[in-house]
Structures are given as structure tokens and as C-alpha cells.
Amino acid sequence: MNLTLDGVHTHIGRYHILQGVDFQAPAGLTTMLLGRNGAGKTTTLRTIMGLWRASRGAIRLGERRLDGARASDVARAGVAYVPETMAIFSDLSVRENLLLAARAGAMDEARLDWIFGFFPALKTFWASRAGSLSGGQKQMLSIARALIEPRPLLLIDEPTKGLAPAIIDGLIACLKDVKERGATILLVEQNFRVAREVGDRVAVMDNGRIVHAGEMAALAEDAELQGRLLGLSLDSHQ
Amino acid sequence: MTPGARRPDLLPALTPLIVAAIAAPFIGSLPTFVTLTVASLAMGAMLFVMASGLTLAFGLMDVLNFGHGAFIAVGAFAATVVYQFAPHGSLATDLASFVAALAAAAVVCGFVGYVYERLLIAPVYGRHLEQILITIGGSIVIEQLLLALFGTEPLDLSPPAAFRGALVFGQIAVEKYRLVALGLGVLLYVLLLLVLSRTRIGLLIRAGVENREMVEALGYRIDRLFTAVFMAASALAGVGGVLWGLYQSQARAGMGADLLVLVFIVIIIGGLGSVTGCFLGATLVALIANYAGFLAPKLALVCNILLMVAVLLWRPRGLYPLGAK
Amino acid sequence: MRLLSGDPPRGWPARALVVLVALALAATPLLFHGAKPLEVAEKICVMAALAASYDVLLGYTGIVSFAHVMFFGVGAYGVGLASYALGPGWGAMALGLAGGLALSAALALAIGLFSLRVQAIFFAMVTLAVAYAFNVLASQLPDLTGGEDGRSFRVPELLRPGHHFGHWLGTAVTGRTLTYYLVLAGAAALFLVLLRIVNSPFGRVLQAIRENPLRAEALGYRIVFHRTLAVIVTALVAAFVGGLDAMWLRYVGPDTALSFSIQIDVLVIVVIGGRGTLYGAVVGAAVFVIAENYLRALIGAAATATADLPLLPNLLHPDRWLLWLGVLFILAVRFAPRGIVGELQRRHDEGRRS
């Protein structure tokens, strides 16, 4: 399903963070949301998720309006969220974390095996407290939680932050496979290599607005545009 | 260290034994010591039931209900109504009326808790100062309504015949009712732990304690969970009120306000939000109350304040603080 | 204006209300005869000063203490027990007051340092427990405190009802009149001191911490230090007020000096009068004490009028006056959190802006 944002404004306290965000994440594709720190990427994801309330504008998933809905209703409309903080429940075991994310009540064994294929550590530490996992394992769990049941739209906030390169490769494979299975992905990413590899479309934010939208491949080719939009050559901080 | 291996923190669990070991030589006589200790365990079980709901609701909702004591009193009065109509005489009827009294207290308090949460607490989530003020107001109103409905004199709430009297082992006499209270308290403790570890609602509560927002983002209505947990907390207070009322053989509108002080000490010692900490804290407070009550009656409450100070100096967040939020 | 630290009530309605209360308190011995009006006026003075000191905690610092009346009681017991033990005299009263102040400061320091480190909500719970234990202790040490019965004591000759100074405007001026004016002057002076404190740099730091603790900490203010200092300063004021009240009552006991219901009264007065305004304590105390003394009769009359209806007479019984106070309190917290004075000032401010 297409995700469409139309003139979305968000206020947090007395700060006006999103100042009219317009873009579309087309169905079945991976859209990268790029931009400097503080551009409003995380706020955009949180606003779509219903964790901040849009003060103006419309958010649509397919035909359905998401703006104004509670986060739980957005989730039930088929949106899964992987926050920047991962937000795993550290007092619960790996199994319990995934069990909660499976709203149907039981987990689909085949799907679980598919997830274990990308993130074998989750199988190893199946019964362990999530709080005792390493940072990378926590990130895997957070993503696995979003995948445990099929959802039409995935919102993922900086999944590669602080991860070892080997784990990043697994993650890239996973994201590609999720897309193959038909999900729409909106991905905030600082790592340009990852963005180039998994992104189909791209939207670049600055100061609470979308300043560029187009094909990811085109942006990846155009070093001048990258420098102008993103302020620095992202390849350099790998 | 391999992930998942968490060294169980057993030291706090030993504190009641330490307290008992220190008190024993001062008390001297063994039968007295045993009687006091059994009395403490029973009182601790009752305190646990009264305090568990408060600590549970605080852990999940970050709400401290200063009107929690009023629910204790409501539970005790609900029991007096049941006992007015209940037949008595045989063991079976006594047990049935006891269960009915507990059930009535739980239902009435759960219902009052629902109204209280929607009307008073829901509008002030996340604002501690307003919460304290409004729940103090709520406790005044409930207490005064009890006075208006049931009069100013305490009502009789004697335990049924089946629970009266004592079992005698040599020189040691153990009141039957204390064993009933102890059994019920332990049962509720185990049930609470099972609910928290084995059921989906328990998982949701534990997850919500850590991150309410993420629970909502997984598709669950956190506000309904709050209401449900608050109702359960109120019902537990009511059940505790029945147990305590029968122990004291009376129901008094002000009983909750008096108990609230001990309940607060219990949950501070245990670690706000922790069920196991609450059980330990209740046992400790009861041990101190009984030992000090025997050795220096006037200083019983002061000793418990000192216990709280000592525990907090040792562990500033209580014996079993909840995991990092 | 300097006396008010440059912080008078804003707008004429609030100003008029405060001036009215102040004038009425000053003129009560001349306007009314008999003991009751003077008792009521004295109670207003005491509650106003006590509530104002509580407001510095609740309204300006944003912390809830349930031990404030304990400090009030410590001051009262100080004056009472010293006068009882040493015999009537100004020296005994001064010594007792000094002792009460010292004990209050020490207790406040201990409680503050101990329980303000963790969460603010700890402080509310710990103060509740400590105040309760203190109350129980005072009732259980009859040799020292007189126990439940408390202690009656005599005051210096000059302050006794039997001491006549003569007549003025047709009213007999006695030792009681002098005592009343001493209480009034003491309460007024303490109020002005509190006003000075909240308008000092220290007061502004307290408000900054209340508004945003994290930001205040980032600016380098030590939160625990400032909050503890606020608890100590207000405890000292409360103890002083307690000493004044004991001098007036010529009696100390748990019911008049330590009871939890006084703590609730103070809380209600500050919220209904308007927290964070100080003047709200004066207006709130006047409204509360007058209502307590005269409105109860009104509720009682309503109970008689509805005697035939079920339950209603029970709810309207004069002794159930707290029920209606509780309802009013909840409504005030929910719908009028600024209280009387705060609301009047807000209307004035908005009127000026438009």
C-alpha cells in the first residue's frame, strides 16, 4: 500500500518540528528518508506511527487516514515500527518480546525460521533476557519484532547505527527479502552504503520539510546533489 | 559473561532472617519468639495483599494513589455487608461466606476503582503533583461516604467460628486465622507472579512498565491496560481490607488511612513497582512491628521508619528496584 | 511596596480581597465582641501564615510534603512544654521557640537530604510516614508531652485574659487582645519574610527547578540542595507559627498541633486560595476558616430540611462537611488549578493584554 504524507505539520511543546512534509512511499518499494541530524526524520516516523500528533495535514496508508489515530490503531492498520532506541523490553525474554509482537497470539513457526535465517543469534538466546543481549542482537530483536507477523508498512529508524559490518550485511539481505515479500518500507538511514543498496526511492529532509524526492539510484550517482542536500559526503563517514 | 545469565540477587531475600536472628536473643523465650514470628508472617501476608496493588499500579502507570487506603476500608465494609446476610455455623458455610466476602470486596473495589481511575486519575497521568492532590481528595470523599453510609462507629467484623481459636503445639499457640491470612497472602503472591510471567496481560504489564509507548506501537491500548490494572489494584486493596478487618475484628472508615503509612513503607523498602520486593518489604515491616511491639511498644512505628532509612541507605531504590526504565 | 518585595497582588480584585482580609483581621477585636470572632480571626492568621509557608513548597518548589504540620507542631510543643516545665515567662517561651526551631531545622534537613535525592514522589511518601510516626510518638510519651491529653500551660501575666489594659472605643482591652495582636503581627511579619524569599534569587531558582528540573540542573543549580533548603526554611516558618498558636491556645496536644487533618486543611487552603501566589494562602485561609465555622451550620440546616429523604440527610450532616470539602477540592484541582487569587490575577493579566 502507498504511504502518502500531505502537508504534515507537527508541534512538540512549543517547537514547530515538521513544517509541511509531503512525500510518498510507493507500495512494494523501499523509500529512504535521509537528511542531517535534526532535520525531522525521526519526528516524521513518530508522527506516521501516531506517537506524535500531526497538528495539520493528512497521512494515508492506501485509502485509510492515519493522522489523528492512536498508535495502537496505526499498528492495527498494519504498520510496524522499529524505533531508533530499539525499545526492546529488556525485562522480557527474546521469546516473550516476539510473542507480544505477534498479536494473533501464537507465532508462525515457518516465519520464525525465516527470521532466524537472517538473525541466528535470536535462536541461540531464545530464552534469555533481552536486556542481556549485545547492542547488535537487540537491534535484530527489534527488527524481528516488526517482522514476526506480515505488515504492509515498516517504519525503520537507523537500524545500522553502531552495528558491525557483518551484521549490516545480514540486515541488508533481510530488508531486501522483506520487500520481495511485498512490504512497503520507509527507512531512515545515515549509512549511505546501506541507503544505496536497499533504497528504491529517496526523500531528503531539511528543517522539517522535504527538499528533494526522487530515485535513490539517481542521488547515488550525483555527488554534487549529495553534497548540496546532505551537507557532507556521506561515504566519508563510513 | 554469556547473555541471559543473570546472577539472582539473593541478599535482600535474606534480610527477614537477619532481622529475626537479631531479635531472637532480645526476646529470649522460644515460644514467644515463634508466636511473634508467626504473627509477623501473617501480618506481612496481609500487608502484602494491601500493598501489592499500589506498587503494581505505580510500576506500570507511574501513578501513586494516595487514596489506596480508602479502598482497603471499602473492602472491609463490603465484607461486613456480606457477613450480615451470610449464614454461619458449619465449616462449609463459614468458608463459603469468607470466599463470598472476599469476592464482594474485590468486585466492589474493582468497580469503585474503575470510576476513580476514569474520573480522577486519567486526566492527570504523568503529573505527579496533581496526582497526589487529586487522590488525596479522592480518599477524603471515599472515607466520608463510608462514614455517611455506615455511620461513625466501627462495625463488627469478627472472623467466623471456623477461623477462631488456636492450634497448640506444646508451648506454642498459633491462631488459626493467622494461618488462613498467611496462606491466602502467599497464594495471591504466587498467583500474581504466575500472571505476570505466564499470561499475555502479564507480559503486557511487564513490557508497559519499561516502555508504555512501544506497547502502544505494537497495537495494544495502553489506556485500557491502565484501567484494568488499576481495577485489579483496587480489588487487591479490598481483599487486603477484608483480611485486615477480620484480623482486627472491625471495619473502620479511617483504617485505610492508618494502614497507608505502613503500606508506603512496605513499597518503598521493596522497591516501587516490584511485586517480590513488596512481599519482602511487607514481611520485614511486619517482623519489625511485632518484635518492636513486644520489646518497646511505643517505638514500633519509629523502628519501621528507621528500617526504611536503613534499607534506603543500603539500596536507595529499595530492595528489588525495577529494571532501568 | 518595598515591604511587599515589589510583588503585590496583581489587579484590583485580588488586591481588594487581600486588603479586605487584612483590615478585617486588624479590626476584629474592635468590631466584634465575645470570644468566638477573635478565635476565628486568630485561626485565620495562623492558617494563613502556615499555608503561605506551605505554598512556598507546593506552589513555588513543586513538592508535596505531608510533614509541614509536624514542624508546626514542633514549634507549638516547644513553646508549650518549655512554659509548662519552666513556668510562665517570656524567657521560657523564647527558649521553647528556639528549641522548636532548632529541632525543626534538624528534622527538615534529615528528611530533605534523605528523601529528595531519588524521586519527588518519595518525598511525599516519606514525609507522610515520618509525620505519622511523630504524631504517634508524641501521643505515646505522656511523661514528656502529656500524651493524648496534651499540656495546658500558663502564659506571662501580660497576656492573660484577666489582665485589663482599659477600654478603647467601648471594647475591653485585655491580655487576650494583646496576644491576638502579637499573633497577627507575627503572622504578618512571617508572611512578608516569605514574600521576600520567593522574590529573592533563591526563590527564582526554586521556580526554575519546578518548571524544568533537568534544565535547571544543566544550568548548574543543585536541585537537592535548593529543595532541601526550601524545606528547612519553610519548616522554620511553620515552627514559628506553631509557637504563636500555642501561645494563643495556652495548650498543646496532638489534635491542635500534629493532627493529619490540619495538614489536609493546609493543603486545601493553598489549592483553593491559589498555589504559587502566597496571597492565595491568606484568602484561602479566610474562606476556609469562616466556612468551617459558619457553613457547617448551613449544611446542618439543609440536613434538617431533607430529613425525610433517604441518605441525603446523612450526606448533609454537619460532620460530613469534609465530604463536600473533598468534592470542592477535587473540582478545584481539576478545573480551577490556579485557585481564587490565581484566577483573579489571570483575568486581570488577560484584560490588560487585550
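The values are calculated or read from the model by the stated rules, or taken from the named source; none is laboratory data. As the structure is a prediction and not an experimental result, all values here were calculated from the model. All Cβ positions, glycine included, derive from the backbone under ideal geometry; neighbour counts span all protein chains shown.
Could you tell me how many of the residues in the range B:247-271 are outside any helix (DSSP H, G or I), within 12 Å of chain C (Cβ to nearest Cβ) and surrounded by fewer than 24 Cβ atoms within 10 Å (Cβ to Cβ)?
The total comes to 1.
Among the residues of the range B:150-179, write down those that are in contact (Cβ under 8 Å) with a residue 24 or more places away in the chain and among the aliphatic types (A, V, I, L, M).
Across the range B:150-179, the qualifying residues are B:155, B:157, B:161, B:162, B:172, B:173, B:174, B:179.
When the residues of the range B:219-236 are narrowed to those that are of a type in the set (Ser, Thr, Tyr) and surrounded by fewer than 24 Cβ atoms within 10 Å (Cβ to Cβ), which ends up farthest from the other protein chains (Cβ to nearest Cβ)?
The extreme case among them is B:227.
For the range B:185-218, enumerate the residues that are within 8 Å of chain A (Cβ to nearest Cβ) and among the β-branched types (Val, Ile, Thr).
Answer for the range B:185-218, where residues must be within 8 Å of chain A (Cβ to nearest Cβ) and among the β-branched types (Val, Ile, Thr): B:209, B:215.
Pick from the range A:64-96 the residues that are within 10 Å of chain B (Cβ to nearest Cβ), among the aliphatic types (A, V, I, L, M) and not in a helix (DSSP H, G or I): which of them is surrounded by the most Cβ atoms within 10 Å (Cβ to Cβ)?
A:79
Working only within the range A:167-221, note down all residues that are basic (Lys, Arg) and closer than 12 Å to residue A:28 by Cα.
Passing the criteria: A:176, A:179, A:181, A:201.
Looking at this structure, is residue C:47 within 14 Å of chain B (Cβ to nearest Cβ), at pLDDT 95 or above, part of a helix (DSSP H, G or I) and crowded, with 20+ Cβ neighbours inside 10 Å?
For residue C:47, the condition - within 14 Å of chain B (Cβ to nearest Cβ), at pLDDT 95 or above, part of a helix (DSSP H, G or I) and crowded, with 20+ Cβ neighbours inside 10 Å - is not met.
Given A:51, A:61, which one is of a type outside the set (Asp, Glu), more than 9 Å from chain B (Cβ to nearest Cβ) and in contact with a Pro (Cβ under 9 Å, 6 or more places away or on another chain)?
That would be A:61, the only listed residue that is of a type outside the set (Asp, Glu), more than 9 Å from chain B (Cβ to nearest Cβ) and in contact with a Pro (Cβ under 9 Å, 6 or more places away or on another chain).
Tell me which residues, restricted to the range B:147-182, are in a strand (DSSP E or B) and among the β-branched types (Val, Ile, Thr).
B:168, B:172, B:174
Look at residue C:64 and say whether it is within 12 Å of chain B (Cβ to nearest Cβ) and under 18 Å from residue C:259 (Cα atoms).
Judged against the criteria, residue C:64 is a match.
(1) buried (at least 23 other Cβ atoms within 10 Å of the Cβ); (2) more than 17 Å from residue B:59 (Cβ to Cβ); (3) among the aliphatic types (A, V, I, L, M): which one isn't true of residue B:295, the others all being true?
Going through (1) buried (at least 23 other Cβ atoms within 10 Å of the Cβ); (2) more than 17 Å from residue B:59 (Cβ to Cβ); (3) among the aliphatic types (A, V, I, L, M) one by one, residue B:295 breaks only (1).
Can you report the number of residues in the range B:258-293 which are touching a Ser or Thr at 6+ places or on another chain (Cβ under 7 Å) and farther than 28 Å from residue B:27 by Cα?
4
Under 9 Å by Cβ, and 6 or more places apart or on different chains, what pairs join a residue from the range C:13-24 that is surrounded by fewer than 16 Cβ atoms within 10 Å (Cβ to Cβ) with one that is not in a helix (DSSP H, G or I)?
What qualifies is C:16/C:9; C:19/C:9.
Just name the residue that is surrounded by the most Cβ atoms within 10 Å (Cβ to Cβ) out of those in the range A:112-126 that are within 20 Å of residue B:210 (Cβ to Cβ) and either at pLDDT below 95 or more than 7 Å from chain B (Cβ to nearest Cβ) (or both).
The extreme case among them is A:122.
Please count how many residues of the range C:246-281 are not basic (Lys, Arg) and not in a helix (DSSP H, G or I).
The total comes to 9.
Scan the range B:297-304 and tell me whether some residue there is under 25 Å from residue B:36 (Cβ atoms), modelled with pLDDT of 90 or more and more than 10 Å from chain C (Cβ to nearest Cβ).
No; the residues of the range B:297-304 include none that is under 25 Å from residue B:36 (Cβ atoms), modelled with pLDDT of 90 or more and more than 10 Å from chain C (Cβ to nearest Cβ).
Out of curiosity, is residue C:184 buried (at least 19 other Cβ atoms within 10 Å of the Cβ), in contact with a Ser or Thr (Cβ under 7 Å, 6 or more places away or on another chain) and in a helix (DSSP H, G or I)?
no
Tally up the residues in the range B:147-157 that are facing chain C (nearest Cβ under 10 Å), out of contact with any Ser or Thr (no Cβ under 9 Å at 6 or more places or on another chain) and of a type outside the set (Val, Ile, Thr), please.
Residues flagged as facing chain C (nearest Cβ under 10 Å), out of contact with any Ser or Thr (no Cβ under 9 Å at 6 or more places or on another chain) and of a type outside the set (Val, Ile, Thr) within the range B:147-157 amount to 4.
Condition first: surrounded by fewer than 19 Cβ atoms within 10 Å (Cβ to Cβ) and either more than 9 Å from chain B (Cβ to nearest Cβ) or of a type in the set (A, V, I, L, M) (or both). Now tell me which residues in the range A:97-111 satisfy that.
A:99, A:102, A:104, A:106, A:107, A:108, A:109, A:110, A:111
A quick yes/no check of all residues on (1) at the interface with another protein chain (Cβ under 10 Å from one of its Cβ atoms); (2) over 30 Å from residue C:224 (Cα atoms); (3) among the charged types (D, E, K, R):
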site: C:81; (1), (2), (3): no, yes, no
site: C:85; (1), (2), (3): no, yes, no
site: C:99; (1), (2), (3): no, no, no
site: C:106; (1), (2), (3): no, no, no
site: C:112; (1), (2), (3): no, no, no
site: C:131; (1), (2), (3): yes, no, no
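Out of curiosity, is residue A:5 modelled with pLDDT of 95 or more, of a type in the set (A, V, I, L, M), outside any strand (DSSP E or B) and closer than 26 Å to residue A:217 by Cβ?
No.
Given the criteria more than 15 Å from the chain's Cα centre (by Cα) and either crowded, with 20+ Cβ neighbours inside 10 Å or at pLDDT 90 or above (or both), does residue A:132 qualify?
The answer is yes for residue A:132.
Of everything in the range B:44-81, what is among the aliphatic types (A, V, I, L, M) and in contact with a strand residue (DSSP E or B) (Cβ under 8 Å, 6 or more places away or on another chain)? Give them in sequence order.
Listed by number, the residues that qualify are B:73, B:76, B:79.
Is it fair to say residue C:53 is farther than 21 Å from residue C:171 by Cβ and either touching an Asp or Glu at 6+ places or on another chain (Cβ under 8 Å) or not in a helix (DSSP H, G or I) (or both)?
Spelling it out, it is not the case that residue C:53 is farther than 21 Å from residue C:171 by Cβ and either touching an Asp or Glu at 6+ places or on another chain (Cβ under 8 Å) or not in a helix (DSSP H, G or I) (or both).
Is it the case that some residue within the range C:187-203 is among the aliphatic types (A, V, I, L, M) and closer than 14 Å to residue C:58 by Cα?
Scanning the range C:187-203 turns up at least one residue that is among the aliphatic types (A, V, I, L, M) and closer than 14 Å to residue C:58 by Cα.
Filter the range C:244-261 down to the residues that are at pLDDT 95 or above and under 12 Å from the mean Cα position of the chain (by Cα), then identify the one that is surrounded by the fewest Cβ atoms within 10 Å (Cβ to Cβ).
C:244
Given the options A:48, A:59, name the one that is in a strand (DSSP E or B) and among the β-branched types (Val, Ile, Thr).
It is A:59.
Being surrounded by fewer than 21 Cβ atoms within 10 Å (Cβ to Cβ) and in contact with a Lys or Arg (Cβ under 9 Å, 6 or more places away or on another chain) is the filter here; which residues of the range A:48-58 pass it?
Of everything in the range A:48-58, those that are surrounded by fewer than 21 Cβ atoms within 10 Å (Cβ to Cβ) and in contact with a Lys or Arg (Cβ under 9 Å, 6 or more places away or on another chain) turn out to be A:52, A:58.
Check whether at least one residue in the range A:36-47 is of a type in the set (Ser, Thr, Tyr), crowded, with 23+ Cβ neighbours inside 10 Å and more than 14 Å from chain B (Cβ to nearest Cβ), and report yes or no.
Yes, the range A:36-47 contains at least one residue that is of a type in the set (Ser, Thr, Tyr), crowded, with 23+ Cβ neighbours inside 10 Å and more than 14 Å from chain B (Cβ to nearest Cβ).
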